[in-house]
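What follows is a short report on a single structure.
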Amino acid sequence: LTQRNNHCWIAREMDMSAENQSSSSLAPDEKPLKEEGHEESAELDEYGYTQAQRVQIATATATFKFCVPKDNIQSQGDLEQFHCSDTYERYVKYLSLLSSAVEGKTLRDEVFVSPPVQRMITVLNTIEGYVEETPPLTQAMRYGNQAFRTVFALVEANAVELMREVLAEPTLANSGAAQELATYLLHSMGNATRIDYGTGHETCFMALLYCLHVLGVFCERDFASTILRVFNRYVLLMRRIQSTYYLEPAGSHGVWSLDDYMFLPFYFGAAQLVPHERLRPQHALLEETRETYNDDYMFMSAIEFIHKMKTGPFFEHSPILYDIMKGVKLWYKVNSGMLKMYKVEVLGKFPIMQHFLFGSLLHFVPDPTVQHSGQGMLTPMGIGPVLDSGVATRRPPPAGADHIGSAYPMGGGMSTGYPGADARLMGVMPPRGSMPPTGVMPPRGSMPPREH
């Protein structure tokens, strides 16, 4: 039931918002994560860097003590510390900047592709070559084809060299930066032991892009191509890997999760559609609409991939997405709500974040002297205690906290239970597929009236 409680607020809260702009926009007084003066027409050196990038790269090389990233979140208290850190705020803000950069742009639109971005695309093409050379093995088990381990081993053996090719500039390429970046690249491919893949691995790839930005390899002019070219290429690569080797969904909650494998294509895909004059979220449920726009918008492509991988009615195997597309009328509300849900369901989940990696570029080391608050879990209302009744209380954000893209849902209302709970209070049965899992009692007072 708690899984459903954590999800059910998303569609309602997206539609309750009275904001007139997406939460991916920055307030006037905020400082974006970028260097000034990055123009597409700026003179490039032999490695494809502008003068401003060369300065940033030189500073980063001299400043950062590159290392192999480690999983520093070992407890719920560590996770709470991470949510209060500058690194967390900057990472989330980076996602917002990328989202803003692709608003109104399709995957086919012409966007500026810098030499470093093109080199990163080449790396992903190289990894796809490994997949082409490694056919799946014939085995009894449907999921977890062991040929994936061969592909993973090839990536592991070549990851450092691949990242050196992306960095290109000799001083940077021969520093420890390539090793640090290679660790994120490797872990973004999935898990070779369990032969699975999930949103934690997807977040590792986004962490790689963030680190490239911090180094100065990617800059402001690359924001659009980072998503429309690099991230989308990664998404297509992982879909091929998932469908070829039948990777298990890592930590999947079945129908209680947004998607078995990925989250961010829905966030960035909704951003692409924010200014669209005709398409609405509910249109993504129509097969003809998806066929028409599958190659233009990541959101449509993601929904189409789910239809290819799963059978049965969409509202049964993907009820959260179905509720969002049926209940939310505007794309900017989907976009802003997706970021809030990502912070709760991915960045806020200890089972996922205990495997997340931190190095010098994406830095976080928990303070052992800070005692765990014992407040429980990151709820849709932010980090707050969970009472015996199962209702989460709201804790006000820290003083001076950035409210843009915060974990607090728009409208601030609490869910009464799973979808349909309010209807049951009025004696109406909920829609099919929205009942809680077998053996879990619904909230007190939300049972349908007994027939006489």
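Being in a helix (DSSP H, G or I) and open to solvent by 10 Å² or more (accessible area, probe 1.4 Å): is that true of residue 268 here?
Working: in a helix (DSSP H, G or I): yes; open to solvent by 10 Å² or more (accessible area, probe 1.4 Å): no.
No, not satisfied.
How do the pairs read when you match residues in region 151-178 that are in a helix (DSSP H, G or I) with residues anywhere that are open to solvent by 60 Å² or more (accessible area, probe 1.4 Å), using Cβ under 6 Å and keeping only pairs 6 or more apart or on different chains?
Matching pairs, first to second residue: 160/179; 173/164; 178/164.
Tell me the residue from 157, 178 that is modelled with pLDDT of 95 or more, among the hydrophobic types (A, V, I, L, M, F, W, C) and open to solvent by less than 30 Å² (accessible area, probe 1.4 Å), please.
Step by step, each of 157, 178 is checked, and only 178 is modelled with pLDDT of 95 or more, among the hydrophobic types (A, V, I, L, M, F, W, C) and open to solvent by less than 30 Å² (accessible area, probe 1.4 Å).
Conditions: (1) touching a helix residue (DSSP H, G or I) at 6+ places or on another chain (Cβ under 6 Å); (2) crowded, with 20+ Cβ neighbours inside 10 Å; (3) among the hydroxyl-bearing types (Ser, Thr, Tyr). Residue 301 meets all but one. Number of the miss?
Failed condition: (1).
If a residue has to be open to solvent by less than 40 Å² (accessible area, probe 1.4 Å) and part of a helix (DSSP H, G or I) to count, how many in region 306-323 make the cut? Let's see the steps before the verdict.
At the first step, the residues of region 306-323 found to be open to solvent by less than 40 Å² (accessible area, probe 1.4 Å) are 306, 314, 317-321.
Now drop any that are not part of a helix (DSSP H, G or I), which leaves 306, 314, 317, 319-321.
Residues in region 306-323 being open to solvent by less than 40 Å² (accessible area, probe 1.4 Å) and part of a helix (DSSP H, G or I): 6 in total.
Out of region 124-144, which residues are part of a loop (DSSP other than H, G, I, E, B) and on the phi < 0 side of the Ramachandran plot?
Within region 124-144, 133, 134, 135, 136, 137, 138, 139, 140, 141, 142, 143 meet the criteria.
Take the conditions at pLDDT below 95, open to solvent by 10 Å² or more (accessible area, probe 1.4 Å) and either within 23 Å of residue 116 (Cα to Cα) or outside any helix (DSSP H, G or I) (or both) and apply them to residue 252. Does it pass? Give the derivation first.
Numbers: at pLDDT below 95: yes; open to solvent by 10 Å² or more (accessible area, probe 1.4 Å): yes; either within 23 Å of residue 116 (Cα to Cα) or outside any helix (DSSP H, G or I) (or both): yes.
Spelling it out, residue 252 is indeed at pLDDT below 95, open to solvent by 10 Å² or more (accessible area, probe 1.4 Å) and either within 23 Å of residue 116 (Cα to Cα) or outside any helix (DSSP H, G or I) (or both).
Among the candidates 333, 326, single out the residue that is closer than 29 Å to residue 79 by Cβ, open to solvent by 10 Å² or more (accessible area, probe 1.4 Å) and not aromatic (Phe, Trp, Tyr).
The match here is 333.
Mind checking which helices (runs of 4 or more DSSP H) fall wholly inside region 51-121 and carry at least 2 residues that are open to solvent by 50 Å² or more (accessible area, probe 1.4 Å), polar (S, T, N, Q) and free of Cβ contacts under 8 Å to residues at least 24 places away in the same chain?
Helices (runs of 4 or more DSSP H) meeting the threshold: 51-63.
Quick one: residue 294 ticks every box in (1) out of contact with any helix residue (DSSP H, G or I) (no Cβ under 6 Å at 6 or more places or on another chain); (2) surrounded by fewer than 22 Cβ atoms within 10 Å (Cβ to Cβ) except a single one, so which number is it?
Result: residue 294 fails condition (1) only.
Can you tell me which residues in region 191-242 are open to solvent by 10 Å² or more (accessible area, probe 1.4 Å), of a type in the set (A, V, I, L, M) and part of a loop (DSSP other than H, G, I, E, B)?
Within region 191-242, just 192 meets the criteria.
Please work out which one of (1) touching a Leu at 6+ places or on another chain (Cβ under 9 Å); (2) modelled with pLDDT under 95 is the condition residue 200 fails and give its number.
(1)
Mind listing just one residue for me: the one in region 131-154 that is crowded, with 19+ Cβ neighbours inside 10 Å and not β-branched (Val, Ile, Thr) and, of those, farthest from the chain's Cα centre (by Cα)?
My answer is 145.
The values are calculated or read from the model by the stated rules, or taken from the named source; none is laboratory data. A quick note: this is a predicted structure, and the numbers were derived from the prediction, not measured. We place every Cβ from the backbone using ideal geometry, glycine too, and count neighbours over all the protein chains shown. Ligands, DNA and RNA are excluded from the accessible area calculation, which covers all protein heavy atoms including side chains. Shrake-Rupley method; radii C 1.70, N 1.55, O 1.52, S 1.80 Å.
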